[in-house]
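Here the structure is laid out as structure tokens; the discussion comes afterwards.
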Amino acid sequence: MQHSNFRLLSGLSIGLGLLLLSRTAFGNDPIKSEGDFLGEMPVVLTASRILQSPLDAPAPVTVIDKATIEASGFTELQDIFRLVPGFLVTDWPDGPPIVVNHGMGDAHSFRLLVLLDGHALYDPFQGGVDWQDLPLRLEDIERIEVVRGPNPASYGANAFQGVINIISRVPLGERERGLLVRAGTRKIGDLYAYMAHGDGRINWRLSASAREAMNFRDLDRPGQQDNEAIQRQTLNGQLIWNPRSDTEVSFRLGLGNGKNKIGQVGDSSDPVRSARADNLFVDAGWKHFYADNSEVSLRYFHYGRSLRDDYRVYPTNPATAPMPWLDITNDIEVRRDDIEFQQIHAWSDNLTGLWGAGLRKDSAESPNALAGLGNVGGWQGQVFGNLDWTVSPKWLVHLGGMVEKHYNTDLLLSPRLALNYRITPNQSMRISFGRGYRAPTIYE
């Protein structure tokens with residue numbers, strides 16, 4: 001079944017690609033002007049959930065736009081964060097790549113929250129994110145906003161060291177087709193194809209990919225012969241419908257599957273083997289714009305992940321072993337369902353408020369790590385709010401916070417007060433006070 005899935009998505013990529021090649025037009029890049037480099041500041045959303053300049057945000061924000069992603073040459077999502085000040089990226093053979101802020105992290109990055117279009121991808125079982133398993137590619141991303149400091153007031157526990165918000169490409173009024181093929185050393189192979197169409201009322205985008213690579217190679221010395229090679233297939237789709245000019249209905253779907261070749265050559269306790277990984281996300285939303293800079297929205301998000309790692313180990317001395325072999329089952333099933341309501345209201349150009357509430361259910365099951373416990377998890381509720389007040393052209397005041405009840409914690413309050421002072425049109429100074437938490441994972 002695993003190989004048939006690979007062939008199916010590979011065939012879809014090839015089929016899309018052949019269609020695109022027959023209809024793709026090529027043109028020269030436009031000449032860059034001074035305005036391309038000295039334009040206005042980008043607008044960010046992640047710091048306070050309200051659109052604003054990075055100079056007015058209550059926390060430091062780095063924006064990685066589509067042009068930067070394309071120019072970087074990176075092929076794996078986690079590597080793009082090497083461009084963010086203070087961030088470190090590494091890999092290891094026994095788990096997913098690691099992204100940490102200011103070196104404070106471990107194999108699962110418990111304190112860094114990762115969002116996809118505003119919804120958490122944080123693994124409630126082990127913590128962190130399995131970057132190479134996410135069912136989207138760099139080519140599916142419009143921009144990435146990275147909050148390089150604590151942001152629990154906006155997103156709650158586990159945003160203790162920062163927030164990464166991956167914003168996917170939105171097909172608004174575009175007609176595009178594309179095909180990408182890569183090949184390189186270390187068994188790198190990549191095939192990606194996409195199609196997009198929009199007329200302003202109904203807009204959609206579909207992409208498919210198949211790739212393989214050796215992401216980790218050790219020193220090939222005794223005790224240091226770990227390797228990790230991956231094979232992944234993804235399917236990513238978006239549909240945006242505007243039944244009226246003031247209403248938007250959206251649907252997003254992401255599917256990913258593949259295998260990891262892991263283990264150590266010559267090590268009977270950690271043999272070379274293939275582990276299977278499957279991922280799914282579904283995002284459905286409704287949004288209504290009722291005034292300038294004012295809106296209400298309701299969204300549902302589902303994220304599921306499974307890992308199948310079953311293998312057999314043999315004793316180093318069969319004569320003294322109580323049994324000839326031992327079967328190891330490291331299977332993991334993780335599920336998250338999240339529904340959230342939010343309202344943004346602008347009373348004036350100088351005063352904007354936001355409030356919302358969310359309800360989430362996490363569950364995990366692992367015969368090995370949670371032996372005898374069955375399905376473990378629980379419900380989590382959140383209520384949050386934020387107020388941005390421009391007191392004068394120089395001063396901006398932020399007041400906000402979140403109250404949440406996590407299934408592994410008591411009631412948590414994460415308040416924040418921030419003051420921004422605009423020194424020049426392109427410089428500002430910020431001081432903020434707040435409190436944050438890290439909620440324990442299901443495994444902990």
To the nearest 10 degrees, the tilt of helix 2-21 (Cα long axis) against the first principal axis of the alpha carbons of the chain is 50
Under the 7 Å Cα-to-Cβ spin-label approximation, H197 and T90 lie apart by a distance in nanometres of 4.9
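Before anything else, pin down the relative contact order of region 66-220: Cα pairs under 8 Å, at least 6 apart, normalised by residue count, whole percent. Before the final figure, lay out the partial values.
Working: 291 pairs, mean separation 25.6, N = 155.
Once normalised by length, the contact order is 17 percent.
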The simple spin-label model distance between W325 and V313, using points 7 Å out along Cα→Cβ, in nm, is 1.5
Any residue on another chain or 5+ positions along whose placed amide H is under 5 Å from the amide H of A59 is listed here as none
Interchain or sequence-distant (5+) residues whose placed amide H lies within less than 5 Å of the amide H of F87 are H102
Highest GNM mean-square fluctuation among D338, D106, D388, for the chain with Cα springs under 10 Å, belongs to D106
Of 61-71, 250-260, ordering from highest average Cβ density within 10 Å down gives 250-260, 61-71
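What is the magnitude of the charge dipole of region 77-223 about its Cα centre, with +1 placed on the Cβ of each Lys and Arg, -1 on the Cβ of each Asp and Glu, and no other charges, expressed in debye to the nearest 20?
In total the dipole reaches around 320 debye.
Per the Kirkwood treatment, what hydrodynamic radius in Å, one decimal, follows for the chain from the mean inverse distance over all distinct Cα pairs? Walk me through the numbers before you get to the answer.
Working: mean 1/r = 0.0422 Å⁻¹.
For the chain, inverting the mean 1/r across all distinct Cα pairs yields 23.7 Å.
Leaving out ligands and nucleic acids, and using a 1.4 Å probe, what accessible area per residue does region 386-444 come to in Å²? List each step's numbers first, then the result.
Numbers: 3570 Å² over 59 residues.
Here the residues of region 386-444 average 60 Å² of exposed surface.
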Which of S168, S392, S306 fluctuates most in a GNM of the chain (C-alpha springs under 10 Å)? That residue is S392
For the chain, the dipole about the Cα centre with charges only on Cβ (Lys and Arg +1, Asp and Glu -1), to the nearest 20 debye, works out at 300
Residues whose modelled amide H sits under 5 Å from the amide H of F216, counting only those 5 or more places away in sequence or on another chain, are E228
At 20 °C in a medium of viscosity 1.002 mPa s, region 133-181 has a Stokes-Einstein diffusion coefficient, with Rh taken as the Kirkwood radius over alpha carbon pairs, in µm² per second, of 163
Regression test value, accessible area per residue of region 148-296, probe 1.4 Å, units Å², expected 44
From DSSP H assignment alone, runs of 4+ in the chain each adding -39500 (n - 2.57), the sum over residues rounded to the nearest 500 puts [θ] at 222 nm at -2000 deg cm²/dmol
Taking 155-166, 135-146, 93-104 and ranking on average Cβ neighbours within 10 Å, highest first, one gets 155-166, 135-146, 93-104
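Report the charge-dipole magnitude of region 313-444 in Debye, nearest 20, computed about the Cα centre from +1 at each Lys and Arg Cβ and -1 at each Asp and Glu Cβ.
On the way: 11 positive and 13 negative charges, 154 e Å.
For this selection, approximately 740 debye.
Tell me the carbon and sulfur percent of the accessible area for the chain, rounded to whole percent, probe radius 1.4 Å.
58
The values are calculated or read from the model by the stated rules, or taken from the named source; none is laboratory data. The structure presented is a predicted model; accordingly, all values stated were derived computationally and were not measured. Methodologically, a virtual Cβ is constructed for each residue, glycine included, from the backbone with ideal geometry; neighbour enumeration extends over all protein chains shown. Accessible surface areas use protein heavy atoms only, side chains included; no ligands, DNA or RNA. Shrake-Rupley method; radii C 1.70, N 1.55, O 1.52, S 1.80 Å.
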